[in-house]
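Take a look at the structure set out below.
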Amino acid sequence: MGERTLDLGGLQALLERVRGLKVACVGDLMLDRYVYGGVDRISPEAPIPVLKAKRRTAMPGGVGNVARNVAALGGVARLGAVTGADAAGEELAGLVGAEAGIEDHVVRLQTAETIVKTRYVSGGQQLMRLDEEAPVVGAFENDAVFSGASAVLLSDYAKGVVTERLIRAAIWQAQAAGVPVVVDPKGRDFARYGAVDVIKPNASELAGATGLPVGTDAEVEAALEALLAATTAKAIVVTRAGKGMSLMRRGGAAKHFPGRAREVFDVSGAGDTGLAALGLALGAGASLETAVEFAILASGVVVGKAGTATVSPAELIDAEMSQHAAGAHAKVMPLDELAEVVEGWKRQGLKVGFTNGCFDILHRGHVAYLAQARSWCDRLVVALNTDASVRRLKGEGRPINDLDSRAVVIGGLGSVDRVTSFDDPTPLALIERLRPDVLIKGADYTREGVVGGDLVESWGGEVRLATFEDGFSTTRTIEKMRDA
C-alpha cells in the first residue's frame, strides 16, 4: 500500500497552492441535461414507466465538467473544445460563461453538431439516457489554450476532438513550459497518447487496453506493467472505484491507495473530478502520490452527490476531518482487544511504548511529550484515567472533558497508535498485560518513582523520561480560563 502523504494540514496547504492555478482542460465537450420527475404509473401504450417531469437542469459535460471541477477546487480552467454553432452550442456557451473560474477557448464550427446527453431521473435513479451526437467535423486548433497553464488535462470521450495533432501540440507546449500532461483515455490504443506524464484509465479501460484481468492488486500490477511496456507514458494511474487507485511509474513498483469509505449516490462525473484534482495537484508541484490521494478524496466526496457534480475546498476539508475523526475513534479500544493488537505488533518485531495520564485539556506540552515518546518506539499506546479516576486524583470539577472526548482527541494525534483506559489507582495491571518494551513518563518523575518500571526492565524493556515544555499544564490552562 502507498504510505499516506496527505493529512489535514497538507490538504489545507495544497488547497492554498492550487488557488488561482491555471489548468488547460481540452477535449470532448457536451451538454448534459437532466430531467427529474416522479413515476407513479405504467404507460398503457407499452410496459414502460411514465415520468412526470418536475425539474430540468443543464450543465457542461465531458471536458466541461473537468473544467467545472478545476474551478470549484479553486483553480482557473482554460476550456478548449469544439461545439456546433447551433442552439445547443449557444446554450453551452451561456453555461460556460456563467461559471466563475472558466476561461472560454471553445471553437464553434458550422460543420459540427453539439453533443447533447439527456438523462431522465426518478427517485435518484436514471431511467434512461438519450444521446444526440454526430462525429466532430473539424479539428480543435487553438493552441492559445495552453499558454500560461500549470498543467494540461486531455479529456478523451472518443468524440473526435482529441486527435493525434492535438496530443502532439499539448505535449510540445507542456514540455516547453515544464508542466505535466494528464490524459483520461478512451479506446484500446493508449500508445497514441505519446509521452504524456500520466494516463488515467479506470479498471475497465485498463483491462480493455491490455486484455488482462484487473480484479486483484496483483492482476492490476501485471496490467500496469503491460500498459507501460506498450506505451511511452511516464506513469499510469488506474481508478478502481471503491478499491481506490493504483499507480505505477515507468521502471518503478506499483503503489496501491485505498478508497475512502463513502455512501455512493451517483458515480456520474467522478472520473472528471478525479482528473481535475490530479491535474491541479501535479500543477501545484505535489508528488504523484499526493496527487492521487487528493483525487481519491475529491472523487469520494462527489459520488455522494446527485448528477454531474463538483466539490469545493470546504467540502474536502470537512471530508478529511470526518475521516480523521473516524481514524481517531478506531484507535480507541478496550484492554482485551488492545492486547491482541500489541501481540501482533510484537510478532512483527515492532517496539511497543506505553504511557499514561489524564490528558484532560490537550495543550502544546502534551503534544510535544507524546511526540517524544513516539520517537522512542515503533508503536505508542496511551492509557487514560477514567473520569472517576481523574476525580480521585484531581478533585471535584475534573475532568473538564469526559473520557470519550479525551480518548478521541488523543487518538487524533499522529504520534499515538492506540488509546485505552484504566480505573485503578495505577496502570500496573495494564503494564503487566501488555508487556511494553518502553515505559514512558514525564521528567517530573524519577526513575524509581515510575510505577511498573522494575517490571518492564525485568523482561528486558526500558524506562524513559520525556521532557515537558515549560509554561504548559492543564491546571494553568484552567486557571487562565477562570481568570478570563
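The values are calculated or read from the model by the stated rules, or taken from the named source; none is laboratory data. Since the structure is predicted, the reported quantities are computational estimates derived from the model, not experimental observations. With ideal geometry, Cβ positions are generated from the backbone for all residues, glycine too; neighbour counts draw on all protein chains shown. Side chains are part of the model used for accessible areas, which takes the heavy atoms of the whole protein and leaves out ligands, DNA and RNA. Shrake-Rupley method; radii C 1.70, N 1.55, O 1.52, S 1.80 Å.
Here are some notes:
- Some residue of the range 404-421 being over 34 Å from the mean Cα position of the chain (by Cα) and either hydroxyl-bearing (Ser, Thr, Tyr) or on the phi < 0 side of the Ramachandran plot (or both): no
- Considering the conditions (1) modelled with pLDDT under 80; (2) exposed (fewer than 15 other Cβ atoms within 10 Å of the Cβ); (3) out of contact with any strand residue (DSSP E or B) (no Cβ under 9 Å at 6 or more places or on another chain); (4) not β-branched (Val, Ile, Thr), GLU340 is excluded by exactly one of them, (1).
- A Cβ distance below 6 Å, combined with a sequence gap of six or more or placement on separate chains, defines the contacts here; from the range 397-411, residues that are of a type outside the set (S, T, N, Q) reach residues that are part of a loop (DSSP other than H, G, I, E, B) in the pairs PRO399/ASP360; ILE400/ASP360; ILE400/ILE361; LEU403/THR386; ARG406/PHE359; VAL409/LEU362; ILE410/PHE359; ILE410/VAL416.
- GLY365 falls short on exactly one of the conditions (1) at pLDDT 95 or above; (2) surrounded by 16 or more Cβ atoms within 10 Å (Cβ to Cβ), and that condition is (1).
- The set of residues in the range 97-119 being over 15 Å from GLY84 (Cα atoms) and open to solvent by 20 Å² or more (accessible area, probe 1.4 Å) consists of GLY97, ALA98, GLU99, ALA100, GLY101, ILE102, GLU103, ARG119.
- Of all residues in the range 123-142, those satisfying the criterion of being aliphatic (A, V, I, L, M) and either at pLDDT below 90 or buried (at least 21 other Cβ atoms within 10 Å of the Cβ) (or both) are ALA134, VAL136, VAL137, ALA139.
- Matching residues, the range 152-165, being out of contact with any Pro (no Cβ under 8 Å at 6 or more places or on another chain) and at pLDDT below 95: TYR157, ALA158, VAL161, VAL162, THR163, GLU164, ARG165
- Residue check for PHE354: touching a His at 6+ places or on another chain (Cβ under 7 Å), closer than 22 Å to GLU337 by Cβ and not in a helix (DSSP H, G or I): no
- Residues of the range 301-323 that turn out to be over 13 Å from the mean Cα position of the chain (by Cα), modelled with pLDDT of 80 or more and open to solvent by 40 Å² or more (accessible area, probe 1.4 Å), as a count: 1
- Filtered by the rule that a residue be within 26 Å of GLY101 (Cα to Cα), in contact with a Pro (Cβ under 9 Å, 6 or more places away or on another chain) and of a type in the set (A, V, I, L, M, F, W, C), the range 12-63 gives LEU15, VAL18, LEU29, MET30, LEU31.
- Condition broken by VAL367, with the remaining ones in (1) assigned to a helix (DSSP H, G or I); (2) touching a Phe, Trp or Tyr at 6+ places or on another chain (Cβ under 9 Å); (3) among the β-branched types (Val, Ile, Thr) satisfied: (2)
- Scanning the range 373-424 for residues that are among the aliphatic types (A, V, I, L, M) and open to solvent by 50 Å² or more (accessible area, probe 1.4 Å) gives LEU393, ILE400, VAL409.
- Flag for PRO427 being out of contact with any helix residue (DSSP H, G or I) (no Cβ under 6 Å at 6 or more places or on another chain), under 21 Å from ARG391 (Cα atoms) and of a type outside the set (A, V, I, L, M): yes
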